[in-house]
């Protein structure tokens, strides 16, 4: 996830997931990788960008709100979200945003 | 910048700045801190979240498109953007997105 996402022309959607971790262990890394692989198979998935220092930021890009909803409610993803609340994250925020314009250098 | 942003109820705007750095030196850190301090003084500024591993992601939050425009065109910020292109970044992307909903844990 050290690459920049190659997204289409706007409009499309971004899910901005910001988190403070309480415990980053092997199971976190493993599950993160599994969720990334799963997300990539979802209809409407456009890309992801991620970095963590103390704060973790993962931005995933989606075609529309419907594809975001389907990913949020994916069975394995729901299970991972549950473990996230119980174990890995002390706090997090999710913001769903419509990308209206973009530019690159 | 290791804190999560305390943003108001949507709608508001997010500027998602993703970058690959070619050279992170003292002047980069100094300018980043200066720009953060400046941004916080701008009308419409709502918060910022930032993390860098290989990929750098900074998400700043704004009241509306007008406040984003004013920050983009701020004289000292324009100068920093110029140095960024010349020196610090090998590539970057800027996405301007309207946050429609959010939730926290």
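The values are calculated or read from the model by the stated rules, or taken from the named source; none is laboratory data. Given the structure is predicted, the values throughout are model-derived calculations rather than measurements. Cβ: placed from backbone, ideal geometry, glycine included. Neighbour counts: every protein chain shown.
No other residue among B:94, B:99 is under 20 Å from residue A:60 (Cβ atoms), modelled with pLDDT of 95 or more and more than 12 Å from the chain's Cα centre (by Cα) apart from B:99.
Residue count for the range A:39-53, restricted to those that are surrounded by 16 or more Cβ atoms within 10 Å (Cβ to Cβ) and farther than 21 Å from residue B:57 by Cβ: 2. Any residue in the range B:54-72 that is modelled with pLDDT under 95 and surrounded by fewer than 13 Cβ atoms within 10 Å (Cβ to Cβ)? Yes; the residues of the range B:54-72 include at least one that is modelled with pLDDT under 95 and surrounded by fewer than 13 Cβ atoms within 10 Å (Cβ to Cβ).
Considering (1) in contact with a strand residue (DSSP E or B) (Cβ under 7 Å, 6 or more places away or on another chain); (2) farther than 20 Å from residue B:105 by Cα, the lone condition that residue A:38 does not fulfil carries the number (1).
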